[in-house]
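Below is one structure, written out as C-alpha cells, with a few remarks after it.
The values are calculated or read from the model by the stated rules, or taken from the named source; none is laboratory data. What you see is a predicted model; the values in this text were computed from it and never measured. FYI the Cβ positions are ideal-geometry reconstructions off the backbone, even for glycines, and counts take in every protein chain you see.
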Amino acid sequence: MPGFHKLTLSERVEKLKDLANLSDDDVRLLLKEGTLPLEIADKMIENVVGTLSLPLGIATNFLINGKEYLIPMAIEEPSVVAAASNAARMLREGGGIKAQATESLMIAQIQLVGVAAPHSVKYLIYERKEEIKEIANATNPLLISLGGGVRDVEVYVIESPAGPMVITNLIVDVKDAMGANTVNTMAEKVAPHIEKWTGGKVYLRIVSNLADRRLVRAWGKVPKDVLGGEEVVDGIVYAWAFASADPYRAATHNKGIMNGVIAVALATGQDTRALEAGAHAYAARSGKYTSLSVWEKDENGDLVGFLEMPMAVGLIGGAVKVNPIAQLSLKILGVKTAKELAEIMGAVGLAQNLAALRALATEGIQKGHMKLHARNIAITAGARGSEIDIVVQEMIKREAIRLDVAKEILESIRRKK
C-alpha cells in the first residue's frame, strides 16, 4: 500500500475499514481515546490506527532495601499481581527484599572483517583505545557532564561461519538512560576510524542486549513457618533444582520471573524486548540454559532466595517520557534513578518466582490461577455486573472453569430472572 504512512490517522483507519471489512463499531473502538492520546501514539510508531490498553494493577506489601513501595504492574495474565503481593508479604517476614544494581554499563559492538591478520589488528585497535574513548565521548557532552561516558574498550577476535572477525566493544556508563541510542551513536562515530586505521570493513555497529555489565541482584529470606513448614521449603528447593538442571523447566521458571519484571517494565515504559533478550541470554551464558534464581534451605530450615540478571532500564528518553501512564507509574514508585528502578524490578522478579515455586510445591499452579482466570471466562461468556461473580462461583463449585460451562450458567441465571 504505497503512501499508507503519509495518511493521517483517521485516513488510515478509513483505509483499514475498507481493506479489513471493519464495521462502524470497529472504527469507533480503534479511535476511542484512552490514557495514551492518539495524537501522541501517532508520533511514537509508524502507521498508527489506535492504541491497546492493558490492566494496570498495584502490587502491595513490598519492602525493598528497607523502603516501602507500591508497584505498578501492567499485565493481562490473572494471578500475577496477587501472587507478587502475597510473596512480598512472606518476604517481609524475613526482613524484606534486599537488592543491589551495578553501574549502568551498556555495550556497543563494532564488527570488523576483511583483515589479513586479525590478532595484529586487535592490538592495533588497543593502541588507539584513548583516542576511541575521546571520539565516542565527543558525541554526548551532556552524558560526560553527568559523569557518564566510555569506561573501557575491549577488543577480541571471533571465528565465525563467515571467517574471522575483530569485535570492538565500547563499555559505556549511560547513567539514567536505557542507553541504546547513546551507545549506537558512539559506535557509528567510531566505526569509520577503525576502518581507516585497519584497512578492514565495518558492518555492524550496534548495542548488545546481553547487558552483563548492568546487573541487578536481589535476595531475601522467608521463615519456614510462614511458608507452611519445612516440607514446603524442601518442595520449593526441589522445584528450583529441577529448573537449574533442565532447560525445559528453566524456560517456564524464568518466564515466571519475567512475569513480574515485564509487568513493571510495561507500566514504566521500558524496552521489554531488550529485557527479555538480555535475561534469557544471561541464563544461557554457561552454554546451557538454566535458572536465573537460586533457592536454598538455611541452617534453621528457612528458605533463602537469590536472583541475578541483566536489568537495562532508564528514566529518560524513549517511551518513558512520552507515555503519560509511564510517567505516572514512576511517580507512584517514587524512583529517582535508573539504579533504583532496576533494584525494584529485580525484587519483583524474585517475589514472582517465589510465588510460582510455592504454588508448584504445594497445591499446584492451576488451582489459584484458574480461580482468577474464571472471571475472564465469565466476561467472555457475556456476564455483566453481578452476574460475573455468580458465574465464577458456580464454575468453581463445579470444578469446571470453561467457556461452555460459563455460558450454560449464564443462560440459567437469565432464565430465572
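For region 50-65, enumerate the residues that are assigned to a loop (DSSP other than H, G, I, E, B) and either of a type in the set (A, V, I, L, M) or closer than 14 Å to ILE97 by Cα (or both).
Correct list: LEU52, LEU54, ASN65.
Criterion first (at pLDDT 95 or above, part of a strand (DSSP E or B) and surrounded by fewer than 14 Cβ atoms within 10 Å (Cβ to Cβ)) does GLU68 satisfy it?
Here the answer is yes, as GLU68 does meet what is asked.
If you scan region 1-15, which residues turn out to be within 18 Å of GLU33 (Cβ to Cβ) and assigned to a helix (DSSP H, G or I)?
Scanning region 1-15 gives LEU9, SER10, GLU11, ARG12, VAL13, GLU14.
ALA211 - would you say it is of a type in the set (Gly, Ala, Ser) and assigned to a helix (DSSP H, G or I)?
No, not satisfied.
Might you let me know whether region 180-192 holds any residue that is modelled with pLDDT of 95 or more, surrounded by fewer than 15 Cβ atoms within 10 Å (Cβ to Cβ) and either touching a Phe, Trp or Tyr at 6+ places or on another chain (Cβ under 9 Å) or assigned to a strand (DSSP E or B) (or both)?
no
Please name all residue pairs, on different chains or six or more residues apart, with Cβ atoms under 8 Å, provided the first residue is in region 306-319 and is touching a residue at least 40 places away in the same chain (Cβ under 8 Å) and at positive phi and the second residue is surrounded by fewer than 24 Cβ atoms within 10 Å (Cβ to Cβ) and charged (D, E, K, R).
Close Cβ pairs (under 8 Å, with a partner that is surrounded by fewer than 24 Cβ atoms within 10 Å (Cβ to Cβ) and charged (D, E, K, R)) amount to GLY318/ASP271.
Go through ALA312, ALA263 for me and flag whichever is in contact with a Gly (Cβ under 9 Å, 6 or more places away or on another chain), assigned to a loop (DSSP other than H, G, I, E, B) and not acidic (Asp, Glu).
None of the others qualify; the one that does is ALA312.
Among the numbered criteria (1) assigned to a helix (DSSP H, G or I); (2) surrounded by 14 or more Cβ atoms within 10 Å (Cβ to Cβ), which one does ASN169 miss?
The single condition ASN169 does not satisfy is (1).
Give the number of residues within region 294-316 that are surrounded by 24 or more Cβ atoms within 10 Å (Cβ to Cβ) and either closer than 16 Å to ILE236 by Cα or among the hydroxyl-bearing types (Ser, Thr, Tyr) (or both).
Summing the residues that are surrounded by 24 or more Cβ atoms within 10 Å (Cβ to Cβ) and either closer than 16 Å to ILE236 by Cα or among the hydroxyl-bearing types (Ser, Thr, Tyr) (or both) in region 294-316 gives 4.
For region 92-134, how many residues are more than 19 Å from TYR203 (Cβ to Cβ) and of a type in the set (Val, Ile, Thr)?
Looking only at that region, the number is 2.
Restricting attention to region 160-207, report how many residues are among the polar types (S, T, N, Q) and either in contact with an Asp or Glu (Cβ under 8 Å, 6 or more places away or on another chain) or in the same structural domain as VAL313 (by TED's automatic domain parsing) (or both). Spell out the reasoning first.
Within region 160-207, the first condition is being among the polar types (S, T, N, Q), and the residues that meet it are 160, 168-169, 181-182, 184-185, 198.
Then drop every residue that is not either in contact with an Asp or Glu (Cβ under 8 Å, 6 or more places away or on another chain) or in the same structural domain as VAL313 (by TED's automatic domain parsing) (or both), which leaves 168-169.
Matching residues across region 160-207 total 2.
Scan region 12-34 residue by residue and report those that are surrounded by 12 or more Cβ atoms within 10 Å (Cβ to Cβ) and not small (Gly, Ala, Ser). Give the derivation first.
At the first step, the residues of region 12-34 found to be surrounded by 12 or more Cβ atoms within 10 Å (Cβ to Cβ) are 12-17, 22, 26-27, 30-31, 34.
If the condition is that a residue be surrounded by 12 or more Cβ atoms within 10 Å (Cβ to Cβ) and not small (Gly, Ala, Ser), then ARG12, VAL13, GLU14, LYS15, LEU16, LYS17, LEU22, ASP26, VAL27, LEU30, LEU31 are the ones that fit.
Can you tell me which residues in region 92-124 are of a type in the set (A, V, I, L, M, F, W, C) and under 22 Å from the mean Cα position of the chain (by Cα)?
ILE97, ALA99, ALA101, LEU105, MET106, ILE107, ALA108
Give the number of residues within region 213-264 that are among the basic types (Lys, Arg) and closer than 28 Å to VAL320 by Cβ.
Total satisfying the criteria: 4.
Specify the residue that is farthest from LEU56 (Cα to Cα); the eligible residues are those in region 250-272 that are surrounded by 24 or more Cβ atoms within 10 Å (Cβ to Cβ) and among the hydrophobic types (A, V, I, L, M, F, W, C).
Restricting to residues being surrounded by 24 or more Cβ atoms within 10 Å (Cβ to Cβ) and among the hydrophobic types (A, V, I, L, M, F, W, C), the top hit is ILE257.
If you check THR60, THR51, which single one turns out to be in contact with a strand residue (DSSP E or B) (Cβ under 7 Å, 6 or more places away or on another chain), closer than 22 Å to ALA263 by Cβ and without any contact (Cβ under 8 Å) to a residue 40 or more places away in the chain?
Just one listed residue meets the conditions, THR60.
For GLY382, state whether it is surrounded by fewer than 16 Cβ atoms within 10 Å (Cβ to Cβ), in the same structural domain as ARG89 (by TED's automatic domain parsing) and not in a strand (DSSP E or B).
In short, no.
Would a scan of region 347-362 turn up a residue that is out of contact with any helix residue (DSSP H, G or I) (no Cβ under 6 Å at 6 or more places or on another chain), at pLDDT 90 or above, assigned by TED's automatic domain parsing to the domain that holds ALA250 and not in a helix (DSSP H, G or I)?
No, every residue in region 347-362 fails to be out of contact with any helix residue (DSSP H, G or I) (no Cβ under 6 Å at 6 or more places or on another chain), at pLDDT 90 or above, assigned by TED's automatic domain parsing to the domain that holds ALA250 and not in a helix (DSSP H, G or I).
Can you name the residue in region 176-215 that is touching a residue at least 12 places away in the same chain (Cβ under 8 Å) and of a type in the set (Lys, Arg) and is also farthest from ALA277 (Cα to Cα) among such residues?
The residue in question is LYS201.
Which of the residues that make up region 94-126 are of a type outside the set (Val, Ile, Thr), out of contact with any Leu (no Cβ under 9 Å at 6 or more places or on another chain) and crowded, with 16+ Cβ neighbours inside 10 Å?
Across region 94-126, the qualifying residues are LYS98, SER104, LEU105, LEU112, GLY114, LYS122, LEU124.
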